[in-house]
Amino acid sequence: MTRQFRHLKQLKQAGRGHDPNGIEATKEGKCMVKCPAPHPGINLPEGWEMKAPVQGWLYALFVVIDANFRLKRKAVSSEELDPSPNHGWAYFVKEDTYKTYLTRHAKKPQERSTCVSHSAVNSADTKPSRGLAATGVGTINCAQHEMKLPNGVGDLQIGERYLNMDYIVFSAVSHFGLRMYNFSYDIACQWHKKLWNCMSDLPEHLQLNHTDKVACQTRFSFNFSRWVGRTDGEAPEHDWANSITWLQWAEHHQQELEELQAAINPSKLAQRLSDLASWNDDMTGTRMNPFKNQVTFIYSPVLAGHTLIKTLLRCRLVCDIAELGVHATDLHKANITAHHNALQRRLESWTQVQLLYMPSVAVLQTGDKLQSNDLDVVDENKPEKIKLWLPSELLTGTASLDHAAKKRQQAKARYTVARERLQALAPWLAKDGWDDILHPLRDADMRHMTDILDGQTEGTRDMSWIWKLPGVLGRKDDDLQDCLQIEWCKARACKARWSEEVQLLREEMRRVEIFFEWEGNQWLQRVCARSFETEAEHEGWTAYARQQAILCSSLVASFKELWKSWSKGPVLEG
């Protein structure tokens, strides 16, 4: 009885009682609370589909894809014994066509992930499902408003299979008919590979026209992708009443970008800008990524990998020597010598790289050499006995760490003294503006250019001013120049995302107002859409329709009052 009452109330609130064709004429997805996302013919400007991508991105739908495996459902009944009164009219996909599609492609194997080990994907075919009608639920949300999309929810029978998620995704987006969709999915790097091939297996009414490849954003970070603003991808954009914050962030990152640009070689900056343009226009994923290092040098992840390899080589060499015995053949001895030489070469390479990232090790290595000469403890022909001085071993050598910290504080003290002397001499030398470049040096300023302070994110972080001084890096520091250029690319992308967010929010405000005006007009049109047998029925249905129309009008009025001051602010270029 409760389910029947909720179903009848849902039909009433969706205006189905005013339809002269009756409830049976209800189409899929028409009984849900409609999201004020971009809808052609409702809240998009005339000619929106003819806009170039540089403008048309404002009319894209931002979609969040996810699954919840806590929403299990036991197999205690069936559709025949307990039929649903809702035939795909709201949030869930239409059950019969969904199950027919899954049955037809049931033997299709789940493609293994070649990236991170995403357990929900790689274990989809092995996920326990005994006694369960559904092992979870897949959902499709609007990223801007955190609202479920029509027919954007479906049961998952065996884990988070692409088969299920493809059907649910295209069931939801097929209601919109837009040219561009931005998908946020934690496994997008794998899911997108065969997306269009899989779409061809779906029912024809769910297939999109994807001849325009720009319609699918296959970049996997919203921080560096064009035309996405500061879309969270995990949660709605909160608190529009305080949207002035977005404008302040856009202006802040514009200043950050200009300061960083002054510290980079102009010719290299022009080349990096050209690489950025090529990368943004590339839809094949073959262009050079300007957000990655281009200078060939070994960096910390490789350093860690080489450490593991050398540790394993040392262990294997020690075991081989222990098993050699007194009657070893010449072949065995030659193998040991080859292993010795290979390990020795790796150690020499390791030592050079280690000094780059762990300068304090130089003192410890010198001590080892002195001890070797004095006590004959380490034989240079036995690399398996040379101490590597790994980071875990340095934790006990606090003296070296204290020495590095002391040197940093000494450098800070020298800078502070020099700045104080400049401050005292500046009036006599008639020097102005130098203190806008040489700021007081704090401990928080003495950090790596990629470090993020507590409370900051990739979209709100800033770089220490010590890296933004003109000429601070020598022209021969190719590796540091490359790092600085990458940070400039990130700062440029961050500034562009905040500028896009300002444009997107203004467009969202315009769309929301027009959407609720349209919704109110729809209710007014329902007043005379159907004839009733009695005057009492006519009065009741008319009163309800007018009440809903007034509610929509009040929402429009409140939004206009809330946004009137901010929506007319300055226009920022991306």
Exercise for the section: Kindly indicate whether any position in the range 514-524 is more than 19 Å from residue 45 (Cα to Cα), open to solvent by less than 70 Å² (accessible area, probe 1.4 Å) and at pLDDT below 95. Expected result: no
Reported set for the range 37-61 where residues are over 22 Å from the mean Cα position of the chain (by Cα) and outside any loop (DSSP other than H, G, I, E, B) is 48, 49, 50, 55
Here the residues within the range 541-562 that are open to solvent by 40 Å² or more (accessible area, probe 1.4 Å) and either under 37 Å from the mean Cα position of the chain (by Cα) or closer than 15 Å to residue 36 by Cβ (or both) are 551, 553, 554, 555, 557, 558, 559, 560, 561, 562
Could you check, for the range 534-543, whether at least one of its residues is within 18 Å of residue 11 (Cα to Cα), in contact with a Phe, Trp or Tyr (Cβ under 7 Å, 6 or more places away or on another chain) and in a helix (DSSP H, G or I)? yes
From the option list 469, 441, single residue qualifying as under 34 Å from the mean Cα position of the chain (by Cα), modelled with pLDDT of 90 or more and either assigned to a helix (DSSP H, G or I) or of a type in the set (A, V, I, L, M) (or both) is 441
Checked the range 7-40 for anything charged (D, E, K, R) and at pLDDT below 90; matches are 24
Check: Looking at this structure, is residue 518 within 30 Å of residue 566 (Cα to Cα) and aromatic (Phe, Trp, Tyr)?
Finding: yes
Subset of the range 8-20, residues surrounded by 17 or more Cβ atoms within 10 Å (Cβ to Cβ) and in a helix (DSSP H, G or I), comes to 10, 11, 16, 17, 18
Among the residues of the range 81-129, the number that are at pLDDT 90 or above, open to solvent by 50 Å² or more (accessible area, probe 1.4 Å) and either aliphatic (A, V, I, L, M) or part of a loop (DSSP other than H, G, I, E, B) (or both) is 2
Among 42, 23, the single one that is touching a residue at least 60 places away in the same chain (Cβ under 8 Å), among the β-branched types (Val, Ile, Thr) and either more than 30 Å from residue 531 (Cβ to Cβ) or open to solvent by 20 Å² or more (accessible area, probe 1.4 Å) (or both) is 42
Residues in the range 320-359 that are small (Gly, Ala, Ser) and at pLDDT below 70 total 3
Residues in the range 525-540 that are of a type outside the set (A, V, I, L, M, F, W, C) and open to solvent by less than 90 Å² (accessible area, probe 1.4 Å) total 5
For residue 506, are the conditions met, namely being in contact (Cβ under 8 Å) with a residue 60 or more places away in the chain and open to solvent by less than 70 Å² (accessible area, probe 1.4 Å)? yes
Of (1) assigned to a loop (DSSP other than H, G, I, E, B); (2) within 30 Å of residue 188 (Cα to Cα); (3) open to solvent by 20 Å² or more (accessible area, probe 1.4 Å), residue 78 satisfies every one except (2)
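The values are calculated or read from the model by the stated rules, or taken from the named source; none is laboratory data. Predicted model only: the values in this text are computed from it and were never measured. With ideal geometry, Cβ positions are generated from the backbone for all residues, glycine too; neighbour counts draw on all protein chains shown. Keep in mind that these areas ignore ligands, DNA and RNA; they rest on the heavy atoms of the full protein, side chains included. Shrake-Rupley method; radii C 1.70, N 1.55, O 1.52, S 1.80 Å.
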